[in-house]
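Peer 1: I have a structure here, written as structure tokens, and I will follow up with some questions on it.
Read-outs: derived from the displayed coordinates by stated rules, not from any lab. Keep in mind it's a predicted model, so treat the numbers as computed, not measured. Cβ atoms come from the backbone with ideal geometry, glycine included; neighbour counts cover every protein chain shown.
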Amino acid sequence: MVAGSTIQVLSAWRSFQSAKLWRTSYEKIDGDNGSSIHINVRASHQGWLGKDKDSVQGKMEWGQFEPKKWTEDDVDIEISHCGICGSDLHMLSSGWGPTPYPCVVGHEIIGKAVKVGSNVKHVKQGDRVGVGAQARSCLQPDCPDCSNGIENHCHRGTVNTYGSVYPGDEGKSYGGYATHNRTNGHFVMNIPDGLDSADAAPMLCGGITVYSPLKRYGCGPGKTVGIVGVGGLGHFGVLFAKALGADKVVGISRKAEKRDDVLKLGADLYISTDEDKDWAKHNAQSLDLIICTVSSAKMPLDGYLGLLKTHGTFIQVGAPDGGELPPINAFTLLSGGLKVGGSGIGAPWEIKEMLQLAADKKIKPWVQKRPMKEANKAVVDMVDGKARYRS
């Protein structure tokens, strides 16, 4: 998940059903780019295929794809919802390196388990389940990451939900802009009752990307927490920082017109860096923890670090194309005894914990729902920053 992305959720299977597209072996629906989508009900896996860098311009094509080879560790999911994540745009455009086209993006997947491998014990056929950005790790007992509940940092065998190649002859991973998904059961989560599928979907990447570092680095009573960049990720940051009990949550973004939205989300204070040219001076040494969702090599990083109290912590979760961030002044770190780090998605146990908290606290992300047939238009709207806050 990257900074500045907005919340849109594609409603896939449901929209096809409502259009009565599953009555015969082949049906057709007009796509939003003028093409026709042919749904083959006898083919188990179909989706929006990105075939080159131009796909991000609304040029994905509907077609069939071959899922990974089935194993008894896997779960097949009939997809009902899939969030649109900023990572999808980077992958479609090869922004994080060469993409293994064709690809089907989408790693905020909700649906029904329709086939469950015999080695999977926590999911049964018919369960409402979800998949985030990770489809596998090595899961070996001697792995220092997997054996300590941080599978998301496994350096031996991580497979992303889309755009990765499985070891051996198992094939490629394909994501959730599709009818179905096949994923290792360890990374398939049961969705708690009381949590709407459209709300749960974007939590599986966008939500966990901020929840994990908030929890890990001490967000809670007695702490003042800053969320830099209140877009798709940042709006989750505000929601979860409040749910975890932070004394004060501060939203920080450029535009003054975001103030009302950020305060409605639950923030106690909003800092517009465009509106107040002396924002760094006026708010110096006021925060215990900063989660930065911005993905820009031009962000005022030294100014953000100056907002931290002595021994404060700054965690970067935004990932720009190429990975480049601004330089850090060593004296800024030394004088404040600051800690700077990064965090990427979260482990399965953290995702389960986050989903249960969201259900218990009735957390409602700001979601725009779109039918799957509008996937191309929804991606273009994401690129243009038109969606608020997740789709």
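Peer 1: Mind checking which lysines have their Cα closer than 16 Å to the Cα of K69? Skip sequence neighbours fewer than 8 apart in that chain.
Peer 2: Hits, sequence-local ones excluded: K115, K172.
Peer 1: Once the Cβ-Cβ distance between E66 and Q140 is put in as r, and R0 is 35 Å, what FRET efficiency do you end up with, to the nearest 0.05?
Peer 2: Plugging the Cβ-Cβ distance into 1/(1 + (r/R0)^6) gives 0.80.
Peer 1: Right, something else. Please state, rounded to one decimal and in Å, the Kirkwood hydrodynamic radius that region 95-228 gives when every pair of distinct Cα atoms enters the mean of 1/r.
Peer 2: 16.4 Å
Peer 1: Moving on. Taking a label point 7 Å from the Cα of W96 along the Cα→Cβ vector, which residues of region 187-211 have an amide N closer than 15 Å to it?
Peer 2: 204-210
Peer 1: Another one. For region 45-147, how big is the tail of P(r) above 22 Å, as a whole percent of Cα pairs?
Peer 2: In whole percent, the long-distance tail amounts to 41.
Peer 1: Taking a 29 Å limit on the Cα-Cα distance, which of the listed pairs K277/K377; K51/K352; K215/K309 fall beyond it?
Peer 2: Beyond 29 Å: K277/K377; K51/K352.
Peer 1: Please enumerate, by chain and number, the aspartates and glutamates with C-alpha under 15 Å from the C-alpha of K255, excluding those fewer than 8 residues away in the same chain.
Peer 2: Within the straight-line limit of under 15 Å, K255 reaches these aspartates and glutamates: D274, E275, D276, D278.
Peer 1: Where the Cα atoms of region 53-107 are projected onto their three principal axes, how long is each span, largest first, in whole Å?
Peer 2: Principal-axis extents of the Cα atoms in region 53-107, largest first: 36, 23, 21 Å.
Peer 1: What FRET efficiency comes out for the pair K115/H155, r = Cβ-Cβ distance, R0 = 51 Å, nearest 0.05?
Peer 2: Once the sixth-power term is evaluated, E becomes 0.95.
Peer 1: Separation between the K309 and K277 pseudo-spin-labels, each 7 Å from Cα along Cα→Cβ, expressed in nm?
Peer 2: 3.2 nm
Peer 1: Determine the alpha carbon to alpha carbon distance for each of K258/K386; K264/K298; K258/K339 and list only those over 19 Å.
Peer 2: K264/K298; K258/K339
Peer 1: For the chain, give the share of DSSP beta bridges that are antiparallel, in percent and rounded to the nearest 5; count only bridges with both residues there.
Peer 2: 55 percent
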